[in-house]
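Notes follow once the structure below has been shown.
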Number of protein chains: 2
Amino acid sequence: MNEQTGGQIDEGGAPLLSDQDVGKQVTLGVDDPLRLDCGVELTNFSVAYQSYGELNAAKTNVILICHALSGDQFVSGVNPVTCKEGWWDLVIGPNKLIDTDRFFVICPNILGGCMGTIGPKEINPATGKPWGLDFPVITVSDMVRAQALLLDHLGIEKIFCALGGSMGGMQVLEWAVAYPERVFAAVPIATAPHHSAQNIAFHETGRQAIMADPDWHGGDYLSYDSRPHRGLAIARMVAHITYLSEPALQNKFGRQLQDRDAISFGFDADFQVESYLRHQGSTFVDRFDANSYLYITRAMDYFDLAERHGGGVLAEAFRGVDTRFCVISFTSDWLYQTAESRAIVKALNAVAANVSFAEIKSDKGHDAFLLEEPEFWKVLSGFIEGAAERYGLVSQ
Amino acid sequence: MNEQTGGQIDEGGAPLLSDQDVGKQVTLGVDDPLRLDCGVELTNFSVAYQSYGELNAAKTNVILICHALSGDQFVSGVNPVTCKEGWWDLVIGPNKLIDTDRFFVICPNILGGCMGTIGPKEINPATGKPWGLDFPVITVSDMVRAQALLLDHLGIEKIFCALGGSMGGMQVLEWAVAYPERVFAAVPIATAPHHSAQNIAFHETGRQAIMADPDWHGGDYLSYDSRPHRGLAIARMVAHITYLSEPALQNKFGRQLQDRDAISFGFDADFQVESYLRHQGSTFVDRFDANSYLYITRAMDYFDLAERHGGGVLAEAFRGVDTRFCVISFTSDWLYQTAESRAIVKALNAVAANVSFAEIKSDKGHDAFLLEEPEFWKVLSGFIEGAAERYGLVSQ
């Protein structure tokens, strides 16, 4: 297997990004293919990831970060693609809450993503053209199995702690259930054991917006040298509303006008919240692939831990899992409400698993896990310290 | 002024629908124009309405119904356009809660609408072409003033009771504040004194979806013989999610699949909730005009009773209003939450107005006001009976 940095062409044959720095990248599925839930087998596929800190000799200081729908592998420092801070830079770095002077932190770009891991915008070797909608529909379980192959490739047997928010939390849950012997501690944050009808409804609206854009060309837009920017921006705008709480929007914007003293009696962005949302939409399309958005939202909709691993009973999915959990939710998160986290905790308790639970009081909504939340950080820090001590990782 | 039924060409010169039965229709602004908030003056404009029951000799038995964003004048019986039941047929009709054997019930299609009242799809006399985006941006206040002109035209001085849900409730509030001497009783239901940042955000997303549709043609789609069906359907889908509560969606659909035993690993409507939403989108475009959707949502966003009538203080807007209010909200309505209704009640109390308030326990979300809700109906019925007695309308 090959490994390299900087987005060059991989000799293993997997098509890589040529114009973006995607961090580290490996080709997996060379000897054994990855069999996806849909039945398709992936061979010679690229997985991009970023790591921070040093792997200790015993390989026991591994922290796996699982990113969310619109996230990527650049959790700390500066993201080379967006030139902004990594999405969890507040928490991860030297001397930070997750101290990269102490831990080896690794974050893979998810399967189906668009930041160096195989996804619908990469070249399908069978046709020599971008996969588009010929890319197989993937699941959260597939994402996790690809990550397990990555860790195998890196010679990492066991993760000290897996953490992630939103879809990242789904991956954390899947990791603990599918590979309980490989995950010592798990922190699923602001997540759910399955997607609710409302979750699916919002995603479906976003997908329909993308597919309604004539520039989408049935998913084959790259062959037409076009991008469904309008549709993707709409999808992002819808989703973005769900990431913020109603009070947060009200406190931040209220009915304040944007660069004007009075309403314009027109359809410009009179209100700050309109301007903000348009900005969210237009910047997203510069960094994200529309088909990836379709595939990843679909994987989230399909996520149902109880159905897949417990015969429909969530507790059964967790039976025999020795991983110690810290489940965290936020009071104002209406996308994945505390009730969803409680369902996870209840199921874990039902099989006498090791679980702690914290509902953090916050008015920041779902995005609270990405923002400055001292109470959240205190819980996170306390859990990691305790688990590290238990795992025999002596604090430096 | 002229009045007629059946959507024929009005001799007053206002362009009417020729292929739809819009109920009754009059031409207003013939002698005096209607000066809109934006400064434009409307002359010879059509207002369509429907009425049920008989106006008594004293003209004291008038109940005004104000419809919501996607509603129309057909509240009772069969809607001749959709061939379905009127949107409040459960409540209004002979021997029903609002008994049309007793009351004269009138519901006008709102200004900017698309069911016979002047709006962007009607012909602009200045150009001989549909108004499109040349139509002036209207406000809830404009809508109400047009309705007042309609009642003037019909010789109706005073409304016994004005009722409406959602944007209908905004009109009811505006009626009571702008014409307190003309409204004896008012029932604003599931509404708010202004649009919140989140409300504006959802509307803006819908508008962007419409305007992103190439078939929108800068609002001039009728000249191109096209319709932005895709964009309007997306807008409706987004909005529809906000009309239902999360528990209602979960109870109704959950994760149930649509006509299949297993997920398809594709982008079809695997889940019932997806199929349902697509249906909501596709049926809406058959009956609604995309530009009307832009104008009406804009009017809602602009709605701010305190700003317009109270110098920014809601209580001041209500000062001196003698109308008796019954404010009603629903526990699971997250679009216009109970807190919004409480703000109205608090402001009314602050100026010693006559107000009763009921928060109805319901899991049906915002749409509860349109659905079977016995507790809601009981409150409504009790208030109307009491007010009628007070008004001297003896029960038959």
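The values are calculated or read from the model by the stated rules, or taken from the named source; none is laboratory data. Given the structure is predicted, the values throughout are model-derived calculations rather than measurements. Every residue, glycine among them, receives a Cβ derived from its backbone with ideal geometry; neighbour counts consider all protein chains shown.
The set of residues from region A:304-324 being buried (at least 24 other Cβ atoms within 10 Å of the Cβ) and outside any helix (DSSP H, G or I) comprises just one member, A:THR323. Selection over region A:325-350 of residues that are hydroxyl-bearing (Ser, Thr, Tyr), more than 14 Å from chain B (Cβ to nearest Cβ) and within 27 Å of A:PHE160 (Cβ to Cβ) gives a count of 2. For region A:213-246, residues that are assigned to a helix (DSSP H, G or I), facing chain B (nearest Cβ under 8 Å) and in contact with a Gly (Cβ under 6 Å, 6 or more places away or on another chain) total 3. Sub-6 Å Cβ pairs linking a first residue in region A:239-256 that is within 13 Å of A:LYS364 (Cβ to Cβ) to a second residue that is among the acidic types (Asp, Glu) and modelled with pLDDT of 95 or more, at least 6 apart or interchain, are A:TYR243/A:ASP367; A:SER245/A:ASP363; A:PRO247/A:ASP363; A:ALA248/A:ASP363, ordered by first then second residue. Scanning region A:375-396 for residues that are over 22 Å from the mean Cα position of the chain (by Cα) and part of a helix (DSSP H, G or I) yields A:GLU375, A:LYS378, A:GLY382, A:GLU385, A:GLY386, A:ALA387, A:ALA388, A:GLU389, A:ARG390, A:TYR391.
Does B:ALA178 satisfy being assigned by TED's automatic domain parsing to the domain that holds B:SER70 and touching an Asp or Glu at 6+ places or on another chain (Cβ under 6 Å)? So B:ALA178 fails the test. Pairs meeting the criteria (first residue in region A:278-297 and away from chain B (no Cβ under 13 Å) and closer than 17 Å to A:TRP131 by Cα, second residue of a type in the set (A, V, I, L, M) and surrounded by 24 or more Cβ atoms within 10 Å (Cβ to Cβ), beta carbons under 8 Å, at least 6 apart or on different chains) are A:PHE288/A:LEU232. Across region A:178-209, the number of residues qualifying as outside any helix (DSSP H, G or I), at negative phi and more than 9 Å from every other protein chain (Cβ to nearest Cβ) comes to 11. Candidates are the residues of region B:264-306 that are charged (D, E, K, R) and in contact with a Ser or Thr (Cβ under 8 Å, 6 or more places away or on another chain); the one that is nearest to A:SER292 (Cα to Cα) is B:ASP270.
Could you list, in sequence order, all residues of region B:247-277 that are in a helix (DSSP H, G or I), at the interface with chain A (Cβ under 7 Å from one of its Cβ atoms) and aliphatic (A, V, I, L, M)? Across region B:247-277, the qualifying residues are B:LEU249, B:VAL273, B:LEU277.
Against the test of being surrounded by fewer than 23 Cβ atoms within 10 Å (Cβ to Cβ), within 14 Å of chain A (Cβ to nearest Cβ) and among the charged types (D, E, K, R), the options B:ASP134, B:ASP142 yield a single qualifying residue, B:ASP134. Of the residues A:PRO125, A:PRO120, A:PRO94, the single one that is in contact (Cβ under 8 Å) with a residue 60 or more places away in the chain and surrounded by fewer than 20 Cβ atoms within 10 Å (Cβ to Cβ) is A:PRO125.
Of the residues making up region A:43-55, those that are under 20 Å from A:CYS114 (Cβ atoms), in contact with an Asp or Glu (Cβ under 9 Å, 6 or more places away or on another chain) and either at pLDDT below 95 or crowded, with 20+ Cβ neighbours inside 10 Å (or both) are A:PHE45, A:SER46, A:ALA48, A:GLN50.
May I ask you to list the residues in region A:360-374 that are in a helix (DSSP H, G or I) and without any contact (Cβ under 8 Å) to a residue 60 or more places away in the chain? First the steps, then the outcome.
Filtering region A:360-374 down to residues in a helix (DSSP H, G or I) leaves A:365-370, A:374.
Scanning region A:360-374 gives a single hit, A:PRO374.
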